Amino acid sequence: MPRTKLQPQVILLGIVSLLNDAASEMIYPLLPVFLTATLGATPAVVGLIEGLADGLASILKYFAGAWSDRMPRRKPFVATGYALAAGSRALIAAAGAWPLVLAARLIDRTGKGIRSAPRDAMISDVTPREQRGRAFGFHRALDHTGAIVGPLLAMLALDVAHWTLRRTFYVSVIPGAIGVVLIAWLLREPARETTSRLATDSATPLPPVFRQALAAIALFSLANSSDAFLLLQAHAAGVSTAMLPALWAAHHVIKSLFSTRAGALSDRIDRRYLLVAGWTSYAILYAIFPFARSLAFFLVLFILYAIPFTLAEGAERAWIADLVPADARGKSFGLYYLANGLCVLAGTMLFGVLYERCSPRVAFDTGAALALAAVVAVLLTRRARTS
């Protein structure tokens, strides 16, 4: 099959995602330490903040995705979502207590909730089926490139410029703001045909195989608790605050290098095989994390921890797009994100309680067991028909 160029919308959305993630990841690896060491929050509070934030985003993703199916353009959802995310980072920098960080994270996740499903539906709209895995893989690759740039900028700010955490957080507003400008000026979305369904939700019924796939993905999401706990575990084992961004950057190097290839591979083979491989490796690595005690060990683990997501992220989104009719893509991605986020919320809160009241090993082993259950579920899901 000849390789065609990716659509300009896919490339631009990837660049904006890079900028937004660079801004976000200047904060994210440092946020657990900022919350616990500076603002006095407990690990359970960290889990509560991340879980509630992601849960809100997931609920909004459903409504934004379904609404975007009825609108001639999805661009307003995407632009508004990135703008809210950019503004939320200044609030984190100014926070003097953890409830303000919770408010900022809710604003940030509101932006994510508004933009994610319409953005993914837009990528599906402009990309033929035989290129979808590659398109989503490319988008994830640039997203992860931003997750490399952000922690490295944070390290330079802390170790070279000797900035405070708050000043670093304030500067993180800039890359996200540039992304908002690019969306407003350069994103050109072809107008789509809309129907009289504007006042009703009587869309084309989603097929049973979509629900089966969604159930398998939701089960894995229950295992996939917030990565803030991985950073917290590394810090508790002796890794310095300044080195946490390095671990996070190393993790995203692998995702950046190989996500496009893995997504393209899913265009040639059954996408479920990549999910099985990714989720199985996730379970193995999760079971190993509690035994890490050195920076070198954590560095290796964070690099290997990229493998599950490199294999699964592009394939997962392309799989969802394959299973539903074109006029329900926004709604289907909304349901995908809703199920994903609510299960991440439950999984993160469960992990936080087990981590604090039992032990880190119990928490990680529970996540590993749930991931293996998701592998079984995806193997029981019928193969998608080419459409």
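Just so it is clear, none of the values below were taken in a lab; they were calculated from the coordinates. Since the model is a prediction, treat every value here as computed from it, not as a measurement. When we count neighbours, we look across all protein chains shown, and the Cβ atoms used for this are built from the backbone with ideal geometry, even at glycine.
Figure the gain on full extension for TYR170 and PHE63 (residue separation times 0.36 nm, minus the Cα-Cα span) and round it to one decimal in nm.
Details: separation 107, 0.36 × 107 = 38.52 nm, distance 3.09 nm.
Here the answer is 35.4 nm.
Based on the mean of other beta carbon atoms within 10 Å per residue, what is the order of 111-119, 22-30, 59-67, most packed first?
On the way: 111-119: 28.7, 22-30: 25.8, 59-67: 23.0.
Packing proxy ranking, top to bottom: 111-119, 22-30, 59-67.
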Inset, instruction - Any chance you could give the angle, 0 to 90 degrees and rounded to 10, that helix 208-223 forms with the longest Cα principal axis of the chain? - result: 0 degrees
Legend entry - Net charge dipole size for the stretch 295-381 [Lys, Arg +1 and Asp, Glu -1 on Cβ; Debye, nearest 20]: 120 debye
Inset, instruction - Under 16 Å Cα to Cα from LYS112, which lysines show up? Leave out anything in the same chain fewer than 8 places away. - result: LYS61, LYS75, LYS331
Legend entry - Estimated FRET transfer efficiency when R0 is 30 angstrom, pair ILE288-THR241 (beta carbons, to 0.05): 0.80
Inset, instruction - Go through THR348, THR127, ALA147 and say which Cα lies farthest out towards the positive end of the charge dipole of the chain; charges sit on Cβ, +1 for Lys and Arg, -1 for Asp and Glu. - result: THR127
Inset, instruction - Work out the charge dipole of the chain with +1 on the Cβ of Lys and Arg and -1 on the Cβ of Asp and Glu about the Cα centre, then indicate which of VAL160, PRO208, ALA262 is farthest towards its positive end. - result: PRO208
Legend entry - Sites LEU380 and ARG188 - FRET efficiency at Förster radius 56 Å, r taken between beta-carbons, to 0.05: 0.85
Inset, instruction - Take the Cβ-Cβ distance between ALA373 and ILE303 as r, set R0 to 22 Å, and report the resulting FRET efficiency rounded to the nearest 0.05. - result: 0.25
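About the Cα centre of the chain, what is the dipole size in debye to 20, counting +1 per Lys and Arg Cβ and -1 per Asp and Glu Cβ, all else neutral? Show your work: numbers first, answer last.
On the way: 37 positive and 23 negative charges, 164 e Å.
In total the dipole reaches around 780 debye.
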Legend entry - Theoretical gain in end-to-end length, CYS358 to VAL253 [0.36 nm per residue, Cα-Cα removed]: 34.5 nm
Legend entry - Cβ-based exposure ranking for MET122, MET243, in which fewest neighbours within 10 Å come first: MET243, MET122
Legend entry - Cα lying deepest toward the dipole's positive end in the chain, options VAL239, SER281, TYR82, charges on Cβ: TYR82
Inset, instruction - Working from Cα positions, state the angle (0 to 90°, nearest 10) between the long axis of helix 360-379 and the longest principal axis of the chain. - result: 10 degrees
Legend entry - Net lengthening on full extension, ALA296/THR42 (0.36 nm per residue, minus Cα-Cα): 88.8 nm
